[in-house]
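Inspection log for the structure reproduced underneath, given as structure tokens.
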Amino acid sequence: MNKKRSVILNTAIIFGFFAIFLRLTDLMIFNHKILAEKAKLQQIKVEDIQVRRGNIYDRKGREFAVNVELESLYCDSREVAIDKGRMKKLSAVLGTDEKVIQAKFQPEKRFTWIDRKLSPDTAKKVKTILCMDRKTRESPQVKGFGFVPEARRLYPKGTLASHIIGTVGLDNQPLEGVELKYDRYLKISGGKVYFERDASGRMLSSGVATEAKGNNIRLTIDEGLQYIVEKELDRAMAKWKTIAASAIMMDPFTGEILAMANRPAYDLNEIGKARKDEIRDRAITDVYEPGSTFKIIIGTAALEEKAVSLDSPFDCSRGSIEVGGKVIHDAHKHGLLTFKEVIQKSSNVGSVMIGMKLGKENIYKYAKRYGFGAVTGIDLPGEISGWIKKPERWSATSIGAIPIGQEVAVTPLQIVRAYSAIANGGYLVEPHIVSDINTPEGQPVFAFKPAAHIRVISEKTAMVFRDILKTVVQEGGTATGAAVDGNQVAGKTGTAQLIDRRTKRYSKDRFVSSFVGFVPADDPKFTLIVVMYEPKGQIYGGIVAGPVFKSIADQSLSYLNVPREDGTEKNLLLVSK
Amino acid sequence: MLSLFHKPLCIACLLFGLFGLIWLRSSVVAVAYDLRNIEEKKMEVLKDRKALLADRARIMSLGKIDVSFRDAQGEGKCAAGYIFPDRVRVIHIKRNTGPEPYRASLEIGSKK
């Protein structure tokens, strides 16, 4: 009997173990993959590494673009359960109509944004409404809603340097400016981070950084100079009621852009409200006929080719000259002028005569040497090359038009670069906006290195022409209003007619007034161009743009602590700031 | 005799070691939880820091200071905003040509 019992017991035990063995085989071999996945899902939480763009600073480390952490509200439509009262409150806090929010509850979608990048205050209010901050038995969290942290690009300076900095879209995708051009440095690829968690959902430290930041960019611009330039442009715009304006300040020796501004401008934090004409970086994307500022080409070319001397006479007494059936006038009758006076008084007649002496091949050669008709290579998106016709395509009137800055199209940046060549002794510099790029830890990634400087004119010609340009702002010149107290200015005015779209001829009331120069003339700290589009009341560059140059230069020299040249002691070194 | 004494000691050590390991493991897990809490707090603090830095950059911008200055002075009194230093009053010192130590700043301020 005992033996029988023992057999039954043993059999039961064996079967029991066999059943367990079968179940274990099922769990560990046949369903291993599915169950392992399930366990992993319960135990491991995967989160995206939060990718943040690098910051953008000016040359002194002042922030122009940073990130702030905000939260975005989403919903899982399958789980959403919100009562009418809460919905009303939510709608009021978000400033969105209830129907608009409800339209986002689509049962087929498990993830829908309700509102993105909420301000901290709004996020706090929403959390209170949805009981996310204090979950109790009486008021459990409203199901189906959640927050995701997101970075918002913030531009603390608003409109300042808007055309340089550029902006990003809602998903931080680059749209304009440095943000677009240097996106590959600012952006960084993300990844995943794995957290262990327990049954209640509490997570353990992974020991891995959950945020990755892109490289920081240091620009060549200076916030102080940029502010001075923009403030004065605004004033001039209001005074002359121009439709637009541009100004560029550049270090003539290095090509560093110290300030670059356009008007109208836009607030980088509100790209959605910006108009198309506000976004345009006119300084590099718009061309205009430069007018008299282009006389630098025939002037330096004539000296370089020894076609004239400083005292070569030009008879401008008639006040006009006929070229290819077209009559070119001077603003006033000047009489007999020397080469120097032709430039000082900006005589069109004299300039045409110089141009004829030089010939079209030489004019074209020097225009190309100065970089006209080609992009400067500035590290900003959208730069255009402008144009100058090849000599074989010149019409009969071209030899009269091109020496005085007509029938050519240039950007303000090309002009300021050409004048920088006079300022620095004859070299063409590379304009650039980014100084260096570093990792968040400060390791260098990129630093601007200039290519070999290209000499466009001899040092002697540059020095002689610099002296001629000084006379432009002196008594008898066209831009006495551009003279700066305490320092000598060398520069040139420009007044160009715009084409009337209706008649396809030069307009009689639409002009572009400009002034370009450098200061102090003998030891330039910067080259500056001011271009005013369609001023009302006055048209001449010396009257409209010259005083803007003076105001900017006065304040900038003071900001840079540049000593006056009329000081009593010359052997002095500036130490205070 | 020794083996009789050693046996319980070994078992006790084994049990102590076993419980020690369990205690150690649970402590490590507790530390990992604490670390995670600290990481979350750090993230919150960093978030606030970023917001404060952005605020500081906005407030310290020259445009903002200029507007505040104009508001404080009254538009009529100081419509120009910033007053840049008069360059005549910029302090200069003589260029130091020799190898002697740099002392000029002390000499400028001294009154005899």
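Calculated from the alpha-carbon coordinates, segment A:70-132 shows an Rg and a Dmax of 11.0, 31 Å respectively. Across segment A:223-559, C-alpha contacts under 8 Å between residues 6 or more apart give a mean separation that, scaled by the residue count, equals a relative contact order of 22 percent.
Considering just Cα atoms, how many Å³ per residue does the convex hull of segment A:251-345 enclose? Mind dumping the intermediate values first?
Working: hull volume 16.7 nm³, N = 95.
With only Cα atoms used, segment A:251-345 gives 176 Å³ per residue.
Note on segment A:448-488 and segment A:18-73: Cα centroid distance 62 Å, given to the nearest whole angstrom.
Using alpha-carbon pairs under 8 Å, 6+ residues apart, how would you state the relative contact order of chain A in percent? Before the final figure, lay out the partial values.
On the way: 1173 pairs, mean separation 79.8, N = 577.
Over chain A, the number comes to 14 percent.
Footprinting exposure proxy ranking of A:F17, A:F549, fewest other C-beta atoms within 10 angstrom first, gives A:F17, A:F549.
Arrange A:K333, A:K357 by Cβ neighbour counts within 10 Å, fewest through most, would you? Don't skip to the answer; put the middle values down first.
Working: A:K333 13, A:K357 16.
Starting with the residue having the fewest Cβ neighbours, the order is A:K333, A:K357.
Separation of segment A:203-279 and segment A:151-169, taken as the distance between their Cα centroids, equals 7 angstrom.
Pairs over the 20 Å Cα-Cα cut-off, from the set A:K84/A:K104; A:K368/A:K390; A:K89/A:K125; A:K109/B:K47; A:K345/A:K525; A:K104/A:K187: A:K109/B:K47; A:K345/A:K525; A:K104/A:K187. For trypsin sites (Lys or Arg not before Pro), the sites in segment A:76-132 that DSSP calls loop and that have at most 14 other Cβ atoms within 10 Å are A:R78, A:K109, A:R110. Taking every Cα-Cα distance in segment A:223-559 and sorting them into 10 Å bins starting at zero, the pair-distance distribution P(r) comes out as 6, 27, 37, 22, 7, 2, 0 percent. Can you return the aspartates and glutamates within cross-link range of A:K88? Criterion is Cα-Cα under 13 Å, with same-chain partners fewer than 8 residues away left out. Leaving aside aspartates and glutamates fewer than 8 places away in the same chain, those within reach of A:K88 are A:D97, A:E98.
If you take the Cα Rg of segment A:433-577 and divide it by 2.2 N^0.38 Å, with N the number of residues, what do you get?
On the way: Rg = 19.5 Å, N = 145, 2.2 N^0.38 = 14.6 Å.
Normalised Cα radius of gyration, segment A:433-577: 1.34.
Plugging the Kirkwood radius over Cα pairs into Stokes-Einstein for chain A, at a temperature of 20 °C and a viscosity of 1.002 mPa s, what D comes out in µm²/s? For these conditions, the coefficient is 75 µm²/s.
Nearest 500 deg cm²/dmol is fine: what mean residue ellipticity at 222 nm does chain A get from its DSSP H runs of n ≥ 4 alone, each adding -39,500 (n - 2.57), divided by its residue count? Mind showing how you got there, number by number?
Working: 20 runs with 187 residues, N = 577.
Roughly -9500 deg cm²/dmol at 222 nm, from the helical runs in chain A.
Can you tell me the orientation of helix A:223-240 relative to chain A, as the angle in degrees between its alpha-carbon axis and the longest Cα principal axis, to the nearest 10? It is inclined by approximately 60 degrees. Dipole orientation for chain A: of the candidates A:I8, A:F511, A:I433, A:I8 has the Cα lying most toward the positive pole (charges on Cβ; Lys, Arg +1; Asp, Glu -1). Sequentially through segment A:363-368, phi angles give Karplus couplings (6.51, -1.76, 1.60; θ = phi - 60°) of 4, 5, 4, 6, 4, 5 Hz, Gly and Pro residues having no value and appearing as x. Here the dipole of segment B:1-71 is about 100 debye; that uses its Cα centre as origin and unit charges on the Cβ of Lys and Arg (positive) and Asp and Glu (negative). Neighbour counts of other Cβ atoms within 10 Å put A:C131, B:C10, A:C316 in the fewest-to-most order B:C10, A:C131, A:C316. Backbone amide hydrogens, once placed in the peptide plane, bring A:I114 within less than 5 Å of A:L73, A:Y74, A:C75, excluding anything fewer than 5 places away on its chain.
Based on the Cβ-Cβ distance of A:D97 and A:D76, what FRET efficiency does E = 1/(1 + (r/R0)^6) give at R0 = 25 Å, to the nearest 0.05?
On the way: r = 21 Å, r/R0 = 0.85.
The computed FRET efficiency comes out at 0.70.
Considering only A:V489, A:I415, A:S119, the residue lying farthest towards the positive end of the dipole of chain A is A:S119, judged by Cα position with unit charges set on Cβ.
Using DSSP to define loop residues, name the trypsin sites (Lys or Arg not before Pro) in segment A:468-531 whose beta-carbon has at most 16 other beta-carbon atoms within 10 Å.
Working: sites: A:K470, A:K492, A:R501, A:R502, A:K504, A:R505, A:K508, A:R510, A:K525; in loops: A:R501, A:R502, A:K504, A:R505, A:K525.
Sites meeting the loop and neighbour criteria: A:R501, A:R502, A:K504, A:R505.
Of the cross-linked pairs A:K45/A:K117; A:K231/A:K449; A:K127/A:K273; A:K231/A:K333; A:K389/A:K449, those separated by over 27 Å at the C-alpha level are A:K231/A:K449; A:K127/A:K273; A:K231/A:K333; A:K389/A:K449. In this simple spin-label model, placing a label point 7 Å from the Cα along the Cα-to-Cβ direction at both A:S320 and B:D71 gives a separation of 5.8 nm.
Shape analysis of segment A:474-542 places it in the prolate category; the axes a ≥ b ≥ c from the Cα gyration tensor give an a/c of at least 1.5, with a/b above b/c.
FYI, it's all coordinate maths here, none of it is from the lab. All of these numbers come straight from a predicted model, not from anything done at the bench. Because the Cβ atoms are built from the backbone with ideal geometry, glycine has one as well, and the counts that use them run over all protein chains shown.
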